[in-house]
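**Student:** Starting off with a structure, shown below.
Where a number appears in this text, it was derived from the coordinates with a stated rule and is not lab data. Every value quoted in this text rests on a predicted model; they were computed, and no experiment measured them. With ideal geometry, Cβ positions are generated from the backbone for all residues, glycine too; neighbour counts draw on all protein chains shown.
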Amino acid sequence: MRTLASFALLRESWVGMIGAGIIVFWILVAVFAQLISPFDPLATLQPFAKPGTTYAKGGIFLLGTDHIGRDILSRLIWGSRTVLVYAPLATFTAYVVGILMGLAAGYRRGWVDDVLSRISDIILSFPVLVLYIIIIATIGASGVNIIIAITFASAPGIMRIVRGLVLDLRNRDYVAAAQTRGESAWRIMLVEILPNARGPLIVDACLRMGYVIITIGVLGFLGLGLPPPDPDWGGMINETRQMAMAFPHMALFPCMAISSLILGFNLLADGLREISLRD
Amino acid sequence: MFVLLLKRIAFMVITMIVVSVLLFLLLEISPGSVATKVLGPYSSEEQRNLWLEQHGYFEPIYVRYFSWLGNFVTGDFGESIRFKVPVSEVLWPRLGNTVILGVAVFAVMIPLSLVLGILAGMREGSKLDRTISVTSIITTSVPEFASAVFLSALFVFWLKWLPGTSGMAEGFNLKELVLPVMVLVLYDFGYVARMTRASMVEVMTMPYIRTAVLKGLPYNKVILKHALRNALVAPFTVIMLQINWLLSGVIIVEFFFAYKGFGALLLEASLNQDIFLIEACAMVAVFVAVATQTIADVGYTYLNPRIRFS
């Protein structure tokens, strides 16, 4: 309930409101892609059309078309589905793994903590994109592999935050009470400790969602993302960047779309942090 | 202090060893696929077996690992499959180019972000503070590949001021360095500025700052002589850790602008499954990352007397 309450408090932070507004906008676009997309995102209609060109068989290419004649607006609209499915999914899996690791390390302490912390230190010492490139280039580019790579690279960071919070919370009275009642360790971790650690985790999740969107975009941009032809913002930029000098609109609009979505999550995180600091 | 240094160096060595084992396992666990990658998909079974025999691939895996490690430490990284030359011949010049890029980025980013961070943190909550904070959120939200597209569209396509690629085909050209540096600075200065701001805000609430103000020191003297010294300890660590981030950033920027640097090399090696080159690049990247972390940790302790003398 308090989570809902803090979202209601968001009204007091205009920065957070703008962020939430941008995110809601893209979610609506993704949900209603079928209705609002003017063309088939995969159909090759008329190559190299500038924004605003009228299509001979009816309709206007509001944002122009790409080098093989697909409507950019339609691809943007459908591409929002790709990013809004994979980014939350990857963030969620990373959080499940990171939270379990962090709870175990912080609550059990001892060798469990040592082993998990050392593993995290080593993974975190990698330059993150180097890690992604090596993993994806070795296991191949697919939706599942992208989620695996993101989980592998992000879980250690999440674990560190959770571990820190647990170390603080494990000595509280209600934890001692639960221990006296004879509750199992995992029940204490998940039911007693985790809900009380959620404030900082929600802020971190928003920021991390931004990073995951960047990562998915970067992988697409480097040609390591989801296989074509399904529209994916990063992939759209990769396919058209060679033509960017002559036809900048092709890469420009996907860049704007992805930046706005990341900005949405960053602003939301900033707003939530501001509110959580207030009380 | 000395103990800390030893501890950090030990951690560094252990990290490098673990990473090398993982890399080796990931890339060379099956000799058959190594031979296929080296000799190409159209090589015959006998050719592959002959190559494996010659290069000692029929030894047990731990023997192979240690001989690989031995060669690696002495600077023999093997031969690049793609470039058909020893890995070190491609690796070091490319790394040099990336160092040039990195130095240029830091030369612009550090003064810019420190000044902005200090100005914002001096008076928390002021209009200037809010403006700088929001600007830095916006610039950090634009990923490098997107700002590369935006800046190219602006400076190359519309204004025609700068070249769109940075291949340096006719020798070193400062103009070709401008866009890559701009992209990297734009993404990162916001983060460093925010960290500096946070550190400055914290210092400004300290009692000794109030004392300095109350005893009648001019405000700029309070800032320059009292606040800055302590406020700059945290940004030092942050800046050192940015080198780790820069290793990711250069991959994107070098790929986009066709700059012949280390990041583009690593990407090319990975995309072509050039295993010996991947191994060398990854080890160099991890070494740089871990070494800068060590310097950041040790430096932080050294700069912070409260830790140094405890």
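**Student:** For chain A, calculate the relative contact order in percent as a whole number, restricting contacts to Cα pairs under 8 Å that are 6 or more residues apart.
**Tutor:** Values: 404 pairs, mean separation 74.4, N = 279.
Across chain A, relative contact order equals 27 percent.
**Student:** Taking beta carbons within 10 Å but only from partner chains, what does the mean come to for residues B:146-159?
**Tutor:** Averaged over the peptide's residues, the number is 5.
**Student:** Indicate the gyration tensor shape class of the protein assembly as shown (rounded, prolate or oblate), computed on the Cα atoms with a ≥ b ≥ c the square roots of the eigenvalues: a/c under 1.5 is rounded; otherwise a/b larger than b/c is prolate and the rest oblate.
**Tutor:** On the way: a/c = 1.35, a/b = 1.11, b/c = 1.22.
Rounded.
**Student:** Under 5 Å between amide H atoms, partner at least 5 residues away or on a different chain: which partners does B:E79 have, H built in plane at 1.01 Å?
**Tutor:** B:V87
**Student:** Moving on. Mean Kyte-Doolittle of at least 0.0 plus a Cα span of 27 Å or more along the axis: flag which DSSP H helices in chain A meet both, please. Write down the numbers at each step before the final one.
**Tutor:** Numbers: long enough: A:72-108 (52 Å, 1.12); A:143-169 (37 Å, 1.51); A:198-221 (34 Å, 1.39); A:249-278 (43 Å, 1.00).
Long hydrophobic helices here: A:72-108, A:143-169, A:198-221, A:249-278.
**Student:** How far is helix B:2-28 tilted, in degrees, relative to the longest principal axis of the Cα atoms in chain B, given as a value from 0 to 90 rounded to the nearest 10?
**Tutor:** Tilt of helix B:2-28: around 40 degrees.
**Student:** Order of B:66-78, B:39-51, B:200-212, B:90-102 by packing, highest average Cβ count within 10 Å first?
**Tutor:** Values: B:66-78: 13.8, B:39-51: 12.2, B:200-212: 15.5, B:90-102: 18.3.
Descending packing order for the listed peptides: B:90-102, B:200-212, B:66-78, B:39-51.
**Student:** While we're looking at this one, here's another question. At what distance in angstrom do the alpha carbon centres of the stretch A:240-279 and the stretch A:101-117 lie from each other?
**Tutor:** 36
**Student:** So what are the ³J(HN,Hα) numbers for the stretch B:210-218, from phi and the Karplus equation (6.51, -1.76, 1.60; θ = phi - 60°), rounded to whole Hz, Gly and Pro as x?
**Tutor:** Values per residue, Gly and Pro as x: 4, 4, 4, 5, 5, 7, x, 5, x Hz.
**Student:** Quick query: amide H of A:I60 versus all other amide H atoms, modeled in the peptide plane; which residues come in under 5 Å with a sequence gap of 5 or more or a different chain?
**Tutor:** So A:I60 has HN proximity to A:Y55.
**Student:** Starting from the Cα gyration tensor of chain A, take the square roots of the eigenvalues, sort them a ≥ b ≥ c, and report rounded, prolate or oblate (rounded when a/c is under 1.5, otherwise prolate if a/b is larger than b/c, else oblate).
**Tutor:** Working: a/c = 3.03, a/b = 1.89, b/c = 1.60.
Cα axes put chain A in the prolate bin.
**Student:** So what's the gap between the Cα centers of the stretch B:78-134 and the stretch B:158-224, to the nearest angstrom?
**Tutor:** 11
**Student:** Tell me which lysines have Cα within less than 21 Å of B:K37's Cα, excluding those fewer than 8 residues away on the same chain?
**Tutor:** Result set, ordered by chain and number: B:K84.
**Student:** Could you tally the net charge around B:Q293, taking each other residue with its Cβ under 10 Å from the Cβ of B:Q293, Lys/Arg +1 and Asp/Glu -1?
**Tutor:** Working: positive: B:R8; negative: A:D121, B:D297.
My count for the surroundings of B:Q293 gives -1.
**Student:** Tell me which GluC sites (Glu not before Pro) from the stretch B:133-184 have a DSSP coil assignment and no more than 12 other beta carbons within 10 Å of their own. Let's see the in-between values first.
**Tutor:** Details: sites: B:E144, B:E170, B:E176; in loops: B:E170.
Filter output for the stretch B:133-184: B:E170.
**Student:** Relative contact order, percent, of the stretch A:214-279 when contacts are C-alpha pairs under 8 Å separated by at least 6 residues?
**Tutor:** Details: 54 pairs, mean separation 15.4, N = 66.
RCO, the stretch A:214-279: 23 percent.
**Student:** Within 10 Å of each Cβ in B:276-283, how many Cβ atoms from other chains are there, averaged over the peptide? Could the numbers behind the result be given before it?
**Tutor:** Numbers: counts 0, 0, 5, 1, 0, 3, 6, 0.
Mean shielding by partner chains, rounded to a whole number: 2.
**Student:** Please give me the summed charge of the neighbours of A:G225: other residues whose Cβ is under 12 Å from its Cβ, Lys and Arg +1, Asp and Glu -1.
**Tutor:** -3
**Student:** A follow-up question, please. Using Cα atoms only, what is the angle between the long axis of helix B:61-73 and the major principal axis of chain B, expressed in degrees (0 to 90) to the nearest 10?
**Tutor:** 60
**Student:** Note the angle between two axes, namely the Cα long axis of helix B:87-122 and the longest principal axis of the Cα atoms of chain B, as a number of degrees from 0 to 90, rounded to the nearest 10.
**Tutor:** 20
**Student:** What shape does chain B take by its C-alpha gyration tensor, where a ≥ b ≥ c are the square roots of the eigenvalues and a/c under 1.5 counts as rounded, a/b above b/c as prolate, and the rest as oblate?
**Tutor:** oblate
**Student:** Could you list A:W14, A:W111 in order of exposure, starting from the residue whose Cβ has the fewest other Cβ atoms within 10 Å?
**Tutor:** On the way: A:W14 11, A:W111 8.
Exposure proxy ranking, most exposed first: A:W111, A:W14.
**Student:** Quick one: how many lysine pairs does the stretch B:87-303 have with C-alpha atoms less than 27 Å apart and a gap of 8 or more or different chains? Give me the count, please. Don't skip to the end; give the middle numbers.
**Tutor:** Details: B:K127/B:K221; B:K127/B:K225; B:K160/B:K175; B:K160/B:K260; B:K175/B:K260; B:K215/B:K225.
Lysine pairs meeting the criterion: 6.
**Student:** Another question, if that's okay. Read phi for every residue in the stretch B:199-207 and hand back ³J(HN,Hα) as whole Hz from Karplus 6.51 cos²θ - 1.76 cosθ + 1.60, θ = phi - 60°, with x for Gly and Pro.
**Tutor:** 5, 5, 4, 5, 5, 5, 8, 5, x
**Student:** Within the set of other residues whose C-beta is less than 12 Å from the C-beta of B:R94, count the net charge using Lys and Arg as +1 and Asp and Glu as -1.
**Tutor:** Charge balance near B:R94 sits at -2.
**Student:** May I ask you to derive the relative contact order of chain B, considering only C-alpha pairs under 8 Å and at least 6 residues apart, and to give it as an integer percent?
**Tutor:** On the way: 333 pairs, mean separation 78.0, N = 310.
About 25 percent, as a whole number.
**Student:** A further question on this structure: Tell me the mean residue ellipticity at 222 nm calculated for the protein assembly as shown from its helices only (DSSP H runs of n ≥ 4, each -39500 (n - 2.57), averaged over every residue, nearest 500).
**Tutor:** Working: 25 runs with 422 residues, N = 589.
Per the formula, -24000 deg cm²/dmol.
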